[in-house]
Amino acid sequence: MRPAIDLSGRRALVTGGASGIGEETARLLTELGAAVAIADIERDRLGEAQERTGAAAAVAGDVADADDVERMVAEAAAALGGLDLVFNSAGIGDDLVPLHEQAVERWQRVVDVNLRGTYLVCRAAGRIMLEQRRGAIVNVSSIVGLGGFPGRTAYGVAKAGINHLTRTLACEWGPAGIRVNAIAPAYTLTPMVRSLLDRQVFDPGRLERRTPLGRLGETAEMAQAAAFLLSDWASYITGAVLPVDGGWSAYGAAGDVDAIRHEGA
Ligand SMILES: NC(=O)c1ccc[n+]([C@@H]2O[C@H](COP(=O)([O-])OP(=O)(O)OC[C@H]3O[C@@H](n4cnc5c(N)ncnc54)[C@H](O)[C@@H]3O)[C@@H](O)[C@H]2O)c1
């Protein structure tokens, strides 16, 4: 038998687990042997997501709300009998409008769900992990947190903040045996991105030509990176922000990758 990532005996909380990258990661962690609790603000979608992922528990609430987070983390830990792993996938996109046209309240909400939510879940889960002197957390950043994207001021600031939070917590909690990493996905085919493509907000051809691997990401590819970072296979990795982006963040030339690829072929 091939050696594989083994998460049996591990108890994992996945926020944003009722859709997209969170749901796919919850499914994979379950498949790799972990007992998983999914958390999401969409209470009505949790039951079906629990069935699809095989999660042992589901908890509802808003990650931007401190009381909700304390309750959700406590409920998840109670249902699973403890907490070893956290995947922070709950997030919302930006309005794709210029900074001066975005309502302050909307800017704040995008920052709160993405950054404050990640901070609050790390804080609540970290207390449990510090006590047991063991744990691993993977936060979800974005390529938008690595470079400037017009129309994404709130989202970009939040994701850049998540990168720094990840590094800081890795340094703070490393001596206690807790690893904290992040993945930074590029455009990934989730329901959210599919609807933007359908509404022609993004031009898929342009995104593909800007990506060295020549295609958009799959949720399974984000889940695999997350599972690796959460597992003992990554036992000496902490404070890393891993781009899972088909080479997007490595590309720095003018124009499309595609042009060179075809001329040179
Ligand atoms: N899809 C992409 O292209 C892409 C790229 C880079 C980063 N990301 C990040 O990946 C993560 C997951 O995105 P996705 O594409 O799977 O989106 P998605 O909309 O499919 O899933 C996000 C889930 O989070 C939940 N959620 C939203 N706000 C919440 C809140 N306040 N409290 C609790 N749950 C909440 C939603 O209900 C949803 O189920 C997000 O952090 C997103 O920023 C996505």
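The values are calculated or read from the model by the stated rules, or taken from the named source; none is laboratory data. Since the structure is predicted, the reported quantities are computational estimates derived from the model, not experimental observations. For neighbour counting, all protein chains shown are included, and Cβ atoms are generated from backbone atoms with ideal geometry for every residue, glycine included.
What the table below lists for this structure:
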item	result
Enumeration of residues in the stretch 182-208 that are in a helix (DSSP H, G or I) and touching a Ser or Thr at 6+ places or on another chain (Cβ under 7 Å)	PRO191
Index of the failed condition, ALA56 passing every other in (1) more than 26 Å from TYR187 (Cα to Cα); (2) crowded, with 19+ Cβ neighbours inside 10 Å; (3) more than 15 Å from the ligand (Cβ to nearest atom); (4) not acidic (Asp, Glu)	(2)
Some residue of the stretch 216-233 being under 18 Å from LEU13 (Cβ atoms), within 16 Å of the ligand (Cβ to nearest atom) and either acidic (Asp, Glu) or not in a helix (DSSP H, G or I) (or both)	no
Scope the stretch 79-91; condition within 13 Å of the ligand (Cβ to nearest atom) and assigned to a strand (DSSP E or B); matching residues	PHE87, ASN88
Residue check for GLY22: closer than 21 Å to ALA184 by Cα and either near the ligand (Cβ under 9 Å from one of its atoms) or part of a loop (DSSP other than H, G, I, E, B) (or both)	yes
Counted residues, the stretch 136-161 - those being charged (D, E, K, R) and either over 16 Å from GLY22 (Cβ atoms) or touching a Pro at 6+ places or on another chain (Cβ under 8 Å) (or both)	1
The one condition in (1) at pLDDT 95 or above; (2) of a type outside the set (Asp, Glu); (3) not in a strand (DSSP E or B) that ALA58 fails to fulfil	(3)
The stretch 177-195, subset hydrophobic (A, V, I, L, M, F, W, C) and within 9 Å of the ligand (Cβ to nearest atom), residue surrounded by the fewest Cβ atoms within 10 Å (Cβ to Cβ)	MET192
Residues being surrounded by fewer than 23 Cβ atoms within 10 Å (Cβ to Cβ) and within 13 Å of the ligand (Cβ to nearest atom) - total across the stretch 1-19	1
Check on ASP94, within 14 Å of the ligand (Cβ to nearest atom), among the acidic types (Asp, Glu) and not in a helix (DSSP H, G or I)	yes
Test: residue in the stretch 104-124 that is more than 15 Å from the ligand (Cβ to nearest atom), exposed (fewer than 14 other Cβ atoms within 10 Å of the Cβ) and over 19 Å from ALA170 (Cα atoms)	yes
Selection count where residues are outside any strand (DSSP E or B), crowded, with 24+ Cβ neighbours inside 10 Å and within 16 Å of the ligand (Cβ to nearest atom), scope the stretch 29-46	1
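Residue-by-condition table, conditions (1) on the phi < 0 side of the Ramachandran plot; (2) surrounded by fewer than 16 Cβ atoms within 10 Å (Cβ to Cβ); (3) without any contact (Cβ under 8 Å) to a residue 60 or more places away in the chain:
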{"site": "GLY214", "(1), (2), (3)": "no, yes, yes"}
{"site": "LEU230", "(1), (2), (3)": "yes, no, no"}
{"site": "TRP233", "(1), (2), (3)": "yes, yes, no"}
{"site": "VAL241", "(1), (2), (3)": "yes, no, no"}
{"site": "ASP245", "(1), (2), (3)": "yes, no, no"}
{"site": "ALA253", "(1), (2), (3)": "yes, yes, yes"}
{"site": "ASP256", "(1), (2), (3)": "yes, no, yes"}
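Every residue, every condition in (1) within 23 Å of SER235 (Cα to Cα); (2) out of contact with any Gly (no Cβ under 7 Å at 6 or more places or on another chain); (3) free of Cβ contacts under 8 Å to residues at least 12 places away in the same chain, yes or no:
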{"site": "GLY17", "(1), (2), (3)": "no, yes, no"}
{"site": "GLY20", "(1), (2), (3)": "no, yes, no"}
{"site": "THR25", "(1), (2), (3)": "yes, yes, no"}
{"site": "LEU29", "(1), (2), (3)": "yes, yes, no"}
{"site": "LEU32", "(1), (2), (3)": "yes, yes, no"}
{"site": "ALA35", "(1), (2), (3)": "yes, yes, no"}
{"site": "GLU42", "(1), (2), (3)": "no, yes, no"}
{"site": "GLY47", "(1), (2), (3)": "no, yes, yes"}
{"site": "ARG52", "(1), (2), (3)": "no, yes, no"}
